[in-house]
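Undergrad: Sharing a structure with you now.
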Amino acid sequence: MKFSKLLAIAVLMSLAACAVKDDKASKVALHTDKTDGAPTGPVSDSVLPGGQPGQIMVTGVAVEFDQVKQTSTLKSGISMVAQGGKSLQGTVAEVTDENQPMLNLTKSDSDLASIDKDTSYAVVGCQDDQVDSTRTNGLTKKDVVTNAKEAVSLKAKVVFVCGNVDLSTMAASVKADTLVLNGASLVNVVEAGMMDIGANNLVLTGQNRIETIGMDNTGTVVQAAGIEFNVTKEITGDGSLAITSRGGNVISPTKSTSQEKLQTIHDQREEAELKAKSQPANR
């Protein structure tokens with residue numbers, strides 16, 4: 001998908017989400033506490049349900065056709081989960097039909113058609129020893145910006161992604177001839193929008209995830225950004241990849257926000273990795 005088109009779609013999704021929020025505003029006002037505006041009472045589950053996940057679309061060689069079941073399934077080592085957010089009472093929103101994940105064996109992507117002729121490579125969050133120099137010979141390193149609020153676009157022949165990469169952008173696009181994920185956690189916390197990840201070849205090392213999380217809100221929760229993930233030729237490596245989208249929660253003003261929850265997830269992951277490294281090796 002062309003980046004300009006991706007950004008236009010993200011903007012339209014955001015505007016549509018805001019329109020839904022405005023439409024519910026008067027109904028929400030009837031069921032809020034006068035002191036802080038937080039929704040109260042059993043009616044909140046129906047008037048203010050948890051947010052929807054963004055739709056996940058996985059295409060290409062990450063998808064296989066099960067001849068026995070006559071249905072498409074994900075390649076071993078790759079998983080996807082779409083989960084609704086919680087209402088103030090803790091009820092998890094049911095994922096609607098239009099937000100259910102989708103699988104497709106093929107998808108055309110003009111961005112990937114000639115990207116093997118690109119002469120650059122990009123590194124996001126990786127140490128020097130995590131960058132395979134045999135893949136970068138003759139290529140020029142490209143500067144990377146991941147903290148833009150409206151759009152993040154990264155296109156190179158080889159892209160290396162490692163560790164925690166936190167985004168908060170309406171439109172995120174990563175395109176590469178070879179995409180190397182090495183213990184990468186690529187997470188976008190935003191209202192609506194789209195993440196478009198595409199590569200001709202994917203290399204997986206360690207546990208990786210690509211995730212969108214909807215913003216928590218004391219009022220109407222807008223759905224999370226969608227995810228389009230496409231690999232056209234080959235997936236190698238002994239790692240795994242989880243593709244996830246989670247709706248935001250309805251919260252009271254005293255509850256932790258989506259960003260704070262994301263930091264907790266990172267802290268727990270780093271603590272687990274440190275414990276694993278500190279364990280004595282089996283003899």
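The values are calculated or read from the model by the stated rules, or taken from the named source; none is laboratory data. All values reported here derive from a predicted model rather than from experimental measurement. Neighbour counts run over all protein chains shown; Cβ positions are idealised from the backbone, glycine included.
Undergrad: Would it be correct to say that Ala192 is small (Gly, Ala, Ser), touching a strand residue (DSSP E or B) at 6+ places or on another chain (Cβ under 9 Å), touching a residue at least 40 places away in the same chain (Cβ under 8 Å) and part of a loop (DSSP other than H, G, I, E, B)?
TA: yes
Undergrad: Could you list, in sequence order, the residues of the stretch 99-110 that are within 16 Å of Asp196 (Cβ to Cβ) and either at pLDDT 95 or above or surrounded by 18 or more Cβ atoms within 10 Å (Cβ to Cβ) (or both)?
TA: Matches in the stretch 99-110: Pro101, Met102, Lys107, Asp109.
Undergrad: Here is a further query. In the stretch 224-261, what count of residues is obtained for those that are under 24 Å from Glu191 (Cβ atoms), acidic (Asp, Glu) and modelled with pLDDT of 95 or more?
TA: 1
Undergrad: Within the stretch 53-88, work out how many residues are at positive phi and in a strand (DSSP E or B). First the steps, then the outcome.
TA: Step one: of the stretch 53-88, the residues at positive phi are 60, 70, 77.
Now restrict to residues that are in a strand (DSSP E or B): 60.
Counting residues in the stretch 53-88 that are at positive phi and in a strand (DSSP E or B) gives 1.
Undergrad: Taking the stretch 111-134, which residues are out of contact with any Phe, Trp or Tyr (no Cβ under 9 Å at 6 or more places or on another chain), surrounded by 10 or more Cβ atoms within 10 Å (Cβ to Cβ) and assigned to a helix (DSSP H, G or I)?
TA: Correct list: Leu112, Ala113, Ile115, Asp116.
Undergrad: One residue is enough: does the stretch 59-70 have a residue meeting the conditions farther than 19 Å from Asn200 by Cα and surrounded by 14 or more Cβ atoms within 10 Å (Cβ to Cβ)?
TA: No, the conditions are met nowhere in the stretch 59-70.
Undergrad: Within the bounds of the stretch 244-258, is there any residue that is farther than 22 Å from Thr106 by Cβ, surrounded by 24 or more Cβ atoms within 10 Å (Cβ to Cβ), touching a helix residue (DSSP H, G or I) at 6+ places or on another chain (Cβ under 8 Å) and of a type in the set (Val, Ile, Thr)?
TA: Yes, some residue in the stretch 244-258 is farther than 22 Å from Thr106 by Cβ, surrounded by 24 or more Cβ atoms within 10 Å (Cβ to Cβ), touching a helix residue (DSSP H, G or I) at 6+ places or on another chain (Cβ under 8 Å) and of a type in the set (Val, Ile, Thr).
Undergrad: Among Val231, Val190, Val222, which is the only one that is over 22 Å from Ser168 (Cα atoms) and surrounded by 21 or more Cβ atoms within 10 Å (Cβ to Cβ)? Let's see the steps before the verdict.
TA: Details: Val190 fails: over 22 Å from Ser168 (Cα atoms); Val222 fails: over 22 Å from Ser168 (Cα atoms).
Exactly one residue qualifies, and that residue is Val231.
Undergrad: Still on this structure, please answer the following. Output yes when any residue across the stretch 79-95 is among the charged types (D, E, K, R) and surrounded by 16 or more Cβ atoms within 10 Å (Cβ to Cβ), and no when none is. Quick ask: steps written out before the conclusion?
TA: Here is the first cut: in the stretch 79-95, the ones among the charged types (D, E, K, R) are 86, 94.
Subset that is surrounded by 16 or more Cβ atoms within 10 Å (Cβ to Cβ): 86.
So far as the stretch 79-95 goes, yes, one or more of its residues are among the charged types (D, E, K, R) and surrounded by 16 or more Cβ atoms within 10 Å (Cβ to Cβ).
Condition check ((1) farther than 20 Å from Glu234 by Cβ; (2) of a type in the set (Phe, Trp, Tyr); (3) out of contact with any helix residue (DSSP H, G or I) (no Cβ under 7 Å at 6 or more places or on another chain)) across all residues:
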{"residue": "Leu112", "(1), (2), (3)": "no, no, yes"}
{"residue": "Ile115", "(1), (2), (3)": "no, no, yes"}
{"residue": "Thr119", "(1), (2), (3)": "yes, no, yes"}
{"residue": "Asp129", "(1), (2), (3)": "yes, no, yes"}
{"residue": "Thr134", "(1), (2), (3)": "no, no, yes"}
{"residue": "Leu139", "(1), (2), (3)": "no, no, yes"}
{"residue": "Ala151", "(1), (2), (3)": "yes, no, no"}
{"residue": "Ala156", "(1), (2), (3)": "no, no, yes"}
{"residue": "Val159", "(1), (2), (3)": "no, no, yes"}
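Undergrad: In the list Arg283, Arg269, which residue meets the criterion of being crowded, with 16+ Cβ neighbours inside 10 Å and either modelled with pLDDT under 95 or not β-branched (Val, Ile, Thr) (or both)?
TA: Arg269
Undergrad: Given the conditions (1) hydrophobic (A, V, I, L, M, F, W, C); (2) at pLDDT 95 or above; (3) buried (at least 17 other Cβ atoms within 10 Å of the Cβ), and given that Leu139 satisfies all but one, which numbered condition is not satisfied?
TA: Just one mismatch for Leu139, condition (3).
Undergrad: A follow-up question, please. So for the stretch 55-75 (the condition being touching an Asp or Glu at 6+ places or on another chain (Cβ under 9 Å) and without any contact (Cβ under 8 Å) to a residue 24 or more places away in the chain), does at least one residue qualify?
TA: For the stretch 55-75, residues touching an Asp or Glu at 6+ places or on another chain (Cβ under 9 Å) and without any contact (Cβ under 8 Å) to a residue 24 or more places away in the chain: absent.
Undergrad: Could you identify the single residue in Lys155, Lys149 that is under 28 Å from Ala225 (Cα atoms) and part of a strand (DSSP E or B)?
TA: Lys155
Undergrad: I would also like to ask the following. Condition first: of a type in the set (Ser, Thr, Tyr), over 19 Å from Thr96 (Cβ atoms) and assigned to a strand (DSSP E or B). Can you find one or more residues in the stretch 217-225 that meet it?
TA: no
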